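Have a look at the structure below, then the notes.
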Amino acid sequence: MAIIPMFQKVCGHVATHSEMFELLNLPGEGTIEDIVSGQCYAGQWFEIERDSYEIMFEVLPPLFMRADMFAMSELKAGFVGSVFLEIVIQGRKRWFHGYCDLSDRRSPDVLRAAIIFRETGDTTGMTRAQALDAIWLSTHRDFRGIAGEFDPLAWPGEHRGKRMILTHVRGEGTVLKLLEDLTVDEIADRLPRPRGR
């Protein structure tokens with residue numbers, strides 16, 4: 001199964017309105033399952049012009065709307081859909097489009113945090129919960145799971161149903177660890193890294 005990059009900036013400049021549509025129509029890459037479920041798109045994002053943000057707001061009734069973001073009511077594939085965001089970065093308003101798995105209601109906020117982190121390298125605005133969400137969403141589904149999902153007897157009752165990831169622990173090797181048990185250093189090591197601007 002292909003590793004699907006999360007929080008991937010797919011355009012290095014502010015996309016014009018016509019470029020935005022080209023980017024929205026890019027074919028998916030990955031397995032048939034990834035394409036049909038929309039997971040090959042989830043986490044992709046790019047910067048757009050303010051006019052594009054405002055025009056897209058008028059296209060269809062939004063699936064949800066907040067003061068600084070909205071989601072299109074038409075989904076790309078599966079539960080993955082377009083989210084448009086207005087973000088103040090270093091004192092300046094900027095506009096973005098990203099694909100989120102809307103079956104997870106936290107995904108738009110995690111995408112926002114990932115964009116800010118990518119554009120500034122700043123994690124100070126992230127809560128521990130947002131950082132854990134970013135790590136969860138940026139970890140390929142082959143390396144994460146829900147405790148007790150496949151073997152209920154392997155995890156005590158109080159841990160059953162909690163998120164876990166495969167991680168390397170010095171002296172122990174690769175082990176399953178509850179996401180909530182990651183240390184501050186482990187969180188810092190696993191946050192999606194900003195790339196060159």
- Query: What is the helix-to-structure angle for 128-138, meaning the angle in degrees between its Cα long axis and the longest Cα principal axis of the chain, kept from 0 to 90 and rounded to the nearest 10?
  - Reply: 80
- Straight-distance crosslink candidates among lysines, where the alpha carbon sits under 24 Å from Lys9 and sequence neighbours closer than 8 are dropped: Lys76, Lys93
- Message: If packing is taken as the average number of other Cβ atoms within 10 Å across a peptide's residues, how do 36-49, 172-185, 67-80 rank, most packed first?
- Response: 36-49, 67-80, 172-185
- Query: Modelled label-to-label distance, His140 and Glu22, 7 Å Cα→beta-carbon offset: nm?
  - Reply: 3.0
- Rounded to 10°, Cα long-axis angle of helix 107-120 versus longest principal axis of the chain: 80
- Task: Using only the Cα atoms of the range 1-100, build the gyration tensor, take square roots of its eigenvalues as a ≥ b ≥ c, and label the shape rounded, prolate or oblate: rounded if a/c is under 1.5, else prolate if a/b is larger than b/c, else oblate.
- Result: prolate
- Note on the structure: Longest principal axis of the chain (C-alpha) makes with the long axis of helix 50-59 (C-alpha) an angle, in degrees to the nearest 10, of 90
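Express the relative contact order of the range 1-78 as a whole percentage, based on alpha carbon pairs under 8 Å and six or more residues apart in sequence.
Answer for the range 1-78 is 33 percent.
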- Query: Rounded to whole Å and sorted largest first, what semi-axes of the equivalent ellipsoid does the C-alpha gyration tensor of the chain yield via the square root of 5 times each eigenvalue?
  - Reply: 31, 19, 15
- Message: For a Förster distance of 25 Å, can you work out the FRET efficiency between the beta-carbons of Glu33 and Thr174, rounded to the nearest 0.05?
- Response: 0.50
- What is the chain's relative contact order, in percent, from Cα pairs under 8 angstrom and six or more apart in sequence? 16
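Taken together, the values in this text are just the output of simple stated rules run on the coordinates, not laboratory data. These figures come from a predicted structure and were not determined experimentally. Neighbour counts are summed over all protein chains in view; Cβ atoms, including those assigned to glycine, are modelled from backbone coordinates with ideal geometry.
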